[in-house]
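Take a look at the structure set out below.
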Number of protein chains: 4
Amino acid sequence: MSEEALRTLVVQVRNWGKWGPDDEIGTLNYITPDTLAEAARLVTAGRVFALGIPLDRNGPQSGTRQRFNPIHTMFRDGGDRPRTPAQVAEMQGYGGSDDWIVMPLQCVTQWDSLAHIFYEGRMWNGYDADLVTSSGAAKNSIDKTKDKIAGRGVLLDVARFKGVRALEPGYAITVADLEGTAAAQKVEVKRGDLLLIRTGHMSRYLDRNDWRHFDLDPNPFHVLAIPNMGLTLGEIFFLEELAADCAADGRYAFLLVAPPLPVARGVGTPINPYALK
Amino acid sequence: MSEEALRTLVVQVRNWGKWGPDDEIGTLNYITPDTLAEAARLVTAGRVFALGIPLDRNGPQSGTRQRFNPIHTMFRDGGDRPRTPAQVAEMQGYGGSDDWIVMPLQCVTQWDSLAHIFYEGRMWNGYDADLVTSSGAAKNSIDKTKDKIAGRGVLLDVARFKGVRALEPGYAITVADLEGTAAAQKVEVKRGDLLLIRTGHMSRYLDRNDWRHFDLDPNPFHVLAIPNMGLTLGEIFFLEELAADCAADGRYAFLLVAPPLPVARGVGTPINPYALK
Amino acid sequence: MSEEALRTLVVQVRNWGKWGPDDEIGTLNYITPDTLAEAARLVTAGRVFALGIPLDRNGPQSGTRQRFNPIHTMFRDGGDRPRTPAQVAEMQGYGGSDDWIVMPLQCVTQWDSLAHIFYEGRMWNGYDADLVTSSGAAKNSIDKTKDKIAGRGVLLDVARFKGVRALEPGYAITVADLEGTAAAQKVEVKRGDLLLIRTGHMSRYLDRNDWRHFDLDPNPFHVLAIPNMGLTLGEIFFLEELAADCAADGRYAFLLVAPPLPVARGVGTPINPYALK
Amino acid sequence: MSEEALRTLVVQVRNWGKWGPDDEIGTLNYITPDTLAEAARLVTAGRVFALGIPLDRNGPQSGTRQRFNPIHTMFRDGGDRPRTPAQVAEMQGYGGSDDWIVMPLQCVTQWDSLAHIFYEGRMWNGYDADLVTSSGAAKNSIDKTKDKIAGRGVLLDVARFKGVRALEPGYAITVADLEGTAAAQKVEVKRGDLLLIRTGHMSRYLDRNDWRHFDLDPNPFHVLAIPNMGLTLGEIFFLEELAADCAADGRYAFLLVAPPLPVARGVGTPINPYALK
């Protein structure tokens, strides 16, 4: 996309100031108590779909943008438990284990906060990119969304609509694709919905049980959505089981609950979103 | 508590084998599609209470059991964005930030998996503690619960029932306390509920805005609940706003959605539980 | 010290350009093959003094400037070794352990690189502070010194000269103190020497075996030495045993070998300097 | 190698008890004040060869045994420096940067402590492998060697002796190779020497500037040397420049100073050894 074309789109979609000059959550403002209460009524069967992928050394990161897969180790384990009768007696039989992790906050299923992408030196709502320093994001950090991300989820299974296992890498999804998918699925996308777009891309890696070469270069959509529209963006959602269920019962709307970890001044957060039907 | 008394209680509450010899999730088996669907009907007002405390350097950990507060830093920040006209042009105006974290998995609001506590060398369901090695938990790890932790939440506000801002440290809550609280609140605790007990302990630290000396020694309840009952245990929940709301509207039951991060072989997980009313 | 007075001193000591516009190691240029060969001749007894303090959870860091003590844990330990006869046979008896660490690069005995301190937005030799970004130091990084830090070490034991166990915190050491100490010790400080100044400050913490409240605010000396003089600065050296030995044999000069870890784009490095006599 | 053959060799080389039942440093006991003082006399030209490879994200680790390359980031950088006149005035012009690292202790040029390898459940000197738990090594840890690793270094350039750029991967160096190399180099290996063996293996990766596929499976030599002989073992030494220099001047002996970081209960340590001629 040319710089000119990109800028034209930027101007079209930019929402700066829409929720006041101090806003830090953008389109999450569209979720209201009413839309949430309505979404909860979609939970009739009591089924849970967990959309988070495992936090694992063999994950999708291969070093792009310095990201790596989670490194998980132990402080204490079974080898440290009381072993001799004297130790067991002293501890009254008690023992325990503890663990810790090192991870990029965007290494698995994730929310990108509105501090994640800049355009021409600006973040969402016009804040200066210099407000994100080595001590984190002074504006638009992920903890500002801590109680905001539950609402009506809608899955648009574009891959299924197009009749393919997965869209080609680099395929640009059109408005017609989205509207066609919604129509075919008999679902209406409404203000305040959390929209899940299924490309099938992840199935390539799940099929061969190998994530290598998964992570991709950023694309123009990031630039439009995050700093300009103010759209809190999710990535690497595991949608296969949910998609199969939606195809089976014809219901593509559900309650989506995807709490961010409230990382102070954080740019992203790992999540395990629940789709509840 | 004497070793003898502890063992007597252990025998009373032990659930090993109740869900078969291969079970790794214990009492979470009580949550069923029916209990979940019923819980969702409690969401009528569309209000969200986020029960997770911030992930922050000034958190509740002071070094006990080697735990420390989350350490959060940046890979990329605003200082790395394109600055010169040439850089801006080359990147089409695009820039971004990325962050990462080092943290104990039980440093903030958390689930303890059934691999966290041992009794006499055994974990939940009788698995050997040696199955938790420096590479993590081969049984009872937190990722086994990845799609299990949504259901009816019930808050028992014991501190309020006893008429105090916070129970004294070390006060042992009795069955009579719990039953009295439930009766006073006009709420019935049912099989499959996720029970939140409010002691008010956290308010001491929130009042003075200083978490020092918060973390506590383990207690007999851990030994009874985790390896013997098979109870997935939560800790350090922020209940103040939820408790105030429940006191105001008299409704102490709600939909609780608290997805664990699916850490492969993990012992614990940070969480941000949502209580939805 | 007033800003005015500081600036006057800055102008006096500033060495920018002295070793050319591209220099990144400052006064380490004074160490030459000749001074090093001469220093080696001081090693006659074959005694080694290790000046590095332990890398340990109970170290001198208490959170100032976000620094923390080293966090050391295991990937593999004795609990993971082959245990059954079958495992032992398969591995031919072999087993092993592996560990890892998380640490600030200036948490223990350390070198500060010339990228560590800025003055009026500039580093050593006039480089812009903006060259230190979240991806590290593009100029003056510690790896530039990787083969430079071996030479004649001279200990000036100012505490001993002043007849105290330790100088008072905040005491400003004068030129007369240094010259008096050297004269009393019958040692001459020469160009190319690595100068160790003993204040006795550390003994306060070693005596009570508790490092709490050790770390200190930065002082004007940092600003003069690092960005202006171009002095690679060491801190938290353990000098007690070396000082006792020097007092005993009257020899305050030795071979000092203190290799930095060549951290690419690093600002500091932990070290374990050897004084060889 | 068959298990039988390995065990025969183990019995031949085992040094357990040689330095008493409480020894934790093995063959480092051979270094004495006399051998060190003699080694220092080899420093006549004042040349330094730094044998440590960079600590860098593009290093030799590719995940074997869970090891990864160092991850280096910043707490503070130039983007955080005072920028406005008011900030500059308040800080008196002062600013600074700080960094930290996450790394396996054996990810770069390194010492393996005597706690690193087990044979039949035992470490060096017969200590039980169970003494290495998730809290580190209770015996044979690397900090026990903190002031021990300086002495006469001897380079045996086997690759050069055999007339090849690098020995074939898997080639087993024989005693005849070592003796032949020493004879050709006119150097005698003596008790207390720190022996550097050059295979040329690293040149393969340096030539193509790509470390991928560098890390190798452990080999029988580890089992013989570490737990049985009590040999503190170094790996991934950068020997190319030193070897060229030795070939040029015909002097293959030098002072080697390779201080370990004194990691409490540590199994390994990154190092930057200096060969001084």
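Read the figures in this text as sums done on the coordinates, not as results from a lab. In this text the structure is predicted, and so the values were computed from the model without any measurement. Note that we place each Cβ from the backbone using ideal geometry, even for glycine, and neighbour counts take in every protein chain shown.
Things to note:
- Here the Karplus relation 6.51 cos²θ - 1.76 cosθ + 1.60, evaluated at θ = phi - 60°, turns the backbone of region C:197-207 into coupling constants of 9, 9, 9, x, 3, 5, 4, 3, 7, 5, 4 Hz, with x for every Gly and Pro.
- For region A:23-65 versus region C:177-212, the gap between their alpha-carbon centres in whole angstrom: 59
- What the Cβ-Cβ distance of A:Glu3 and D:Glu90 gives, at R0 = 35 Å and to the nearest 0.05, is a FRET efficiency of 0.30.
- Equivalent ellipsoid semi-axes, region D:82-212, via Cα gyration tensor eigenvalues times 5, rooted, Å: 41, 27, 17
- Label zone at D:Asp207, where the point sits 7 Å out along the Cα-to-Cβ direction: region D:131-174 residues whose backbone N lies under 19 Å: D:157-172
- Taking amide H atoms as placed 1.01 Å from N in the peptide plane, the amide H of B:Ala137 lies under 5 Å from those of B:Gly266, each 5 or more residues away in sequence or on another chain.
- Under-5 Å amide H pairs with C:Arg198, H placed in peptide plane, nonlocal only: C:Leu156, C:Asp157, C:Val158, C:Ala159
- Working note: Karplus 6.51/-1.76/1.60 with θ = phi - 60° gives region A:129-137 the couplings 4, 5, 6, 9, 10, 5, 9, x, 9 Hz, where Gly and Pro are set to x.
- Descending Cα extents along the principal axes, region B:25-165, whole Å: 63, 47, 37
- Once the Kirkwood radius over Cα pairs is known for region C:97-158, the Stokes-Einstein relation at 4 °C and 1.567 mPa s delivers a diffusion coefficient of 91 µm²/s.
- Label point distance in nm, B:Asp128-D:Ile173, each placed 7 Å from Cα along Cα→Cβ: 4.0
- Cα convex hull volume per residue for region A:13-87 (Å³): 322
- Estimated FRET transfer efficiency (A:Leu195, B:Asn29; beta-carbon r; R0 35 Å; 0.05): 0.55
- Peptide A:267-275, shielding by other chains (average Cβ, 10 Å cutoff): 6
- In the assembly of identical copies, A:Glu168 has its label point, taken 7 Å from Cα in the direction of the beta carbon, separated from the corresponding points by 4.7, 7.5, 8.0 nm (ascending, one decimal).
- With Cα atoms defining each centre, region B:78-92 and region B:251-277 are spaced 41 Å apart in the structure.
- For B:Met123, distant residues with modelled amide H under 5 Å away: B:Asp128, B:Ala129
- For chain D, adding -39500 (n - 2.57) for each run of n ≥ 4 DSSP H residues and dividing by the number of residues yields -6000 deg cm²/dmol at 222 nm.
- Cα-based helix-to-principal-axis angle, B:175-185 vs chain B, degrees rounded to 10: 70
- Inter-chain Cβ neighbour average for residues B:47-58, partner chain, 10 Å: 6
- Seen from a random direction on average, the alpha-carbon convex hull of region B:127-204 projects onto 7.8 square nanometres.
- With respect to chain A, whose longest principal axis is taken over its alpha-carbon atoms, helix A:240-249 is tilted by about 60°.
- Between the helical axis of A:3-13 and the longest alpha-carbon principal axis of chain A there is an angle of about 90 degrees.
- Kirkwood Rh, angstrom, the protein assembly as shown [1 / mean 1/r, Cα pairs]: 31.9
- Note on D:Ala184 and D:Asp22: the model spin-label points, each 7 Å out from Cα along the C-beta direction, lie 4.7 nm apart.
- Convex hull of alpha carbon positions in chain B: directionally averaged projected area 18.6 nm².
- Filter on C:Lys144/C:Lys190; A:Lys277/B:Lys277; A:Lys146/A:Lys186 - keep pairs with C-alpha separation over 26 Å: A:Lys146/A:Lys186
- For the Cα trace of region A:191-277, dividing Rg by the Kirkwood Rh returns an Rg/Rh value of 0.97.
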